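Down below is the structure, laid out as structure tokens.
The values are calculated or read from the model by the stated rules, or taken from the named source; none is laboratory data. If you're wondering where the values come from, they're calculated on a predicted model, not measured in any experiment. All Cβ positions, glycine included, derive from the backbone under ideal geometry; neighbour counts span all protein chains shown. Ligands, DNA and RNA are excluded from the accessible area calculation, which covers all protein heavy atoms including side chains. Shrake-Rupley method; radii C 1.70, N 1.55, O 1.52, S 1.80 Å.
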Amino acid sequence: MNIQCVLRRDFVMPSVKIDKQSLMLTQEGWSLVSDLDFPRAVYGIDRHGRFSVEKIVFQSREDINKRVFFATESAFGFFSPNSKICDNSGKKLLVGDLVENMSVAEKYLESIPDISTLKISCKSIDEIWHVLRESAAYDDKDQLVLRCRGGRLIGVNGMGSQEIPVVKCGDRFFCTLKRDQISLWFIEDWAKTIRELAEIWLKTNDGVFELKRSEYVVGMWLLSALRGDKNDINIICDTQQHTVLVLVEMVDGQSTRAVKRGVCAFYILTPSEEVTIGWSNSSWNPIVNGVVLASG
Amino acid sequence: MRELNISVRKSDLEKMGCSDISCRRLGGVAVYGPSIHVLDQEIEVISAAINHSAKDHLSLAKNVLGKLTREGAGLESMEKRLFGSILGRQLRFGHLDSIVCASISGAYFRVYVHYTRLSEFHDWLGHAKSILSKEGILEVMSLEKTIFGVRRYNTWSSSAHILSHLVYIGTAEYVDEYSVRLTPGFCHAICQDR
């Protein structure tokens, strides 16, 4: 009995710090940490590299004055400078150090898993809709207009069963989205919907998807849909030191590479919240923004 | 005014007669100096001048920021690549952020905003959007008067940057380089769809 008590007292729950705007991979896909109720089952990777679910608990919350934007060739999002991530050899890296030492391009990380079998939640659809509204040229409660980032490649009519209307204003194209319609399409088949939306809204004349940094929620859903199609993707940022746009390029003639290089890491000096989460299985690590975290 | 004794070309340092050359990598650019101490000191001087120049303005185009930085640091000249790499460092540390804008030709360009002025920039962006939705057209000069009152160095350009960002989003389109209008057809498209 005494021995048991000692063991329990000595047990330190694995934990990690993340930004409230980080995206965790739940059973309903990508969810903002700020929107999660704890305890919550989330996806992670076990010591054998298997994709599995564990329950995470909330430990603490702290105000901080900066966060880190970090992108690899296959994923991107916001982290706390105190977040620890795992590289492909299992080594722990402090995200803030990637910025300070400018070592991002020397790091190799696991690629994001295929999540095409997951069902999207209404909360996640709300998060996507919020991003669309923030990016809209015009929004009116339950519908909005987005400027298409390309033009030449758009077939104005005939977007299959999920028709997204496109209009031409001057020499630019715009698509109109209705919240109830797009929500329904996401519930029916989120991967198809995000791909079609990206083809119309985000695809440039150069054939790449152009996202603003702030559109990372849409970005992670899109990257997951492309990953589910067994496409290899490549993320391009302005420079290693900073980016305002994130370009997603489809790489032809290659099978999906399991290991991806870091491409960009920098601070954003803005008030944020650092959330510490914990879990009990010490041989498991959660996935945040498409990257495997490390406890400690 | 003084000469800068760091460079993105090692050969420049060799020409100066430096035997023990130190190097720092900033993004994809290697910066060389006669010693690590001098190199770090010069990078700090230029970084401080970038911060100071950016803080004084709502937004700045890269060439204007370069000119103000060179003057602020008391330098006769500064290589574009050297300035770009140190500007990248300031962006990496979050002291500045960039905002993407669309030019009249449709090409994108980036403007730089000090982090302490980002919320102000976004507030004026919202303000310009609401004027535009009421009036339908907005001149750079009129927005400049609203934001800054009197004209000073770069105030016209900062006002133009706000409108250029609205063009990038798609809310506005250029009438000419002095004014933008609400993109026609939005309300029509939405009403037709209802």
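When Lys and Arg each count +1 and Asp and Glu each count -1, what net charge do the other residues less than 12 Å away from A:PHE186, Cβ to Cβ, add up to?
Neighbour charge sum, excluding A:PHE186 itself: -2.
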Quick check on my link table: of A:LYS123/A:LYS168; B:LYS15/B:LYS67; A:LYS17/A:LYS66; A:LYS55/A:LYS119; A:LYS55/A:LYS84, which ones sit more than 22 Å apart, alpha carbon to alpha carbon?
A:LYS123/A:LYS168; B:LYS15/B:LYS67
Using a Förster radius of 30 Å, what is the FRET efficiency between A:LYS230 and A:ASP171 based on their Cβ-Cβ separation? Nearest 0.05, please.
0.25
Total charge of the residues flanking A:VAL244 in space, meaning their Cβ is under 14 Å from its Cβ, with Lys and Arg +1 and Asp and Glu -1, is +2
Give me a single rounded figure for B:91-104: the average over its residues of other chain Cβ atoms within 10 Å of their Cβ.
5
Averaged over residues of A:130-143, the number of beta carbons from other chains lying within 10 Å of each residue's Cβ is 3
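Counting only heavy atoms of the protein chains, get the accessible area per residue of chain B (1.4 Å probe) and round it to a whole Å² value. Each step should come with its number before you reach the end.
Values: 9290 Å² over 194 residues.
On a per-residue basis, 48 Å².
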Would you mind telling me which residue in B:GLU120, B:GLU76, B:GLU139 has the biggest mean-square fluctuation in a Gaussian network model of chain B, where springs connect alpha carbons within a distance under 10 angstrom?
B:GLU76
Here, A:ASP206 and B:GLU3, labelled 7 Å along Cα→Cβ, have an inter-label distance in nm of 3.9
Carbon/sulfur accessible area of segment A:16-125, % of total, 1.4 Å probe, equals 43
Put simply, what bits of segment A:228-247 lose 10 Å² or more of accessible area when the other protein chains are there, versus the chain on its own (1.4 Å probe)?
A:ASP238, A:GLN240, A:GLN241, A:HIS242, A:VAL244, A:LEU245
For A:LYS260, counting only aspartates and glutamates whose alpha-carbon sits under 17 Å away and dropping same-chain residues fewer than eight positions off, the answer is A:GLU73, A:ASP87, A:GLU106, A:GLU110, A:ASP114, A:ASP232, A:GLU249, A:ASP252
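Carbon and sulfur atoms: what percent of the 1.4 Å accessible area of segment B:50-194 do they account for?
Here carbon and sulfur together make up 53 percent of the probe-accessible area.
Report the B-A buried area as the accessible area lost on both sides summed, probe 1.4 Å, in Å² to the nearest 100.
For chain B against chain A, roughly 2900 Å² becomes buried.
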Over chain A, with a Gaussian network built from C-alpha contacts below 10 Å, which listed residue (A:GLY44, A:GLY29, A:GLY90) shows the highest mean-square fluctuation?
A:GLY90
I need the calculated FRET efficiency for the pair B:TYR178 and B:HIS37, taking r as the beta carbon distance and R₀ as 45 Å, to the nearest 0.05.
0.35
Helix A:179-201 vs. chain A, principal-axis angle (Cα, 0 to 90°, nearest 10):
80
Could you work out which residue, out of A:ARG179, A:ARG47, A:ARG61, moves most in a Gaussian network model of chain A, that is, has the largest mean-square fluctuation with Cα springs under 10 Å?
A:ARG47
Just to confirm my numbers, what's the Cα centroid distance between segment B:1-30 and segment A:231-296 in Å?
34
Against the longest principal axis of chain B, how steep is helix B:118-135, in degrees 0 to 90 to the nearest 10, with axes from Cα atoms?
30
For the pair A:ASP97 and B:CYS23, the simple spin-label estimate (label points 7 Å beyond Cα toward Cβ) gives in nm 2.4
Could you give the nm distance between label points at A:ASP35 and B:THR116, where each point is 7 Å from its Cα heading toward the beta carbon?
3.5
Dipole magnitude of chain B, debye to nearest 20 (Cβ charges: Lys/Arg +1, Asp/Glu -1, about Cα centre)
180
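Remind me, relative contact order of chain B in percent, using alpha carbon pairs under 8 angstrom and six or more residues apart? Can you show the working numbers first?
Working: 275 pairs, mean separation 34.1, N = 194.
Relative contact order, chain B: 18 percent.
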Here the whole-number average of other chain Cβ atoms within 10 Å per Cβ of B:14-27 is 1
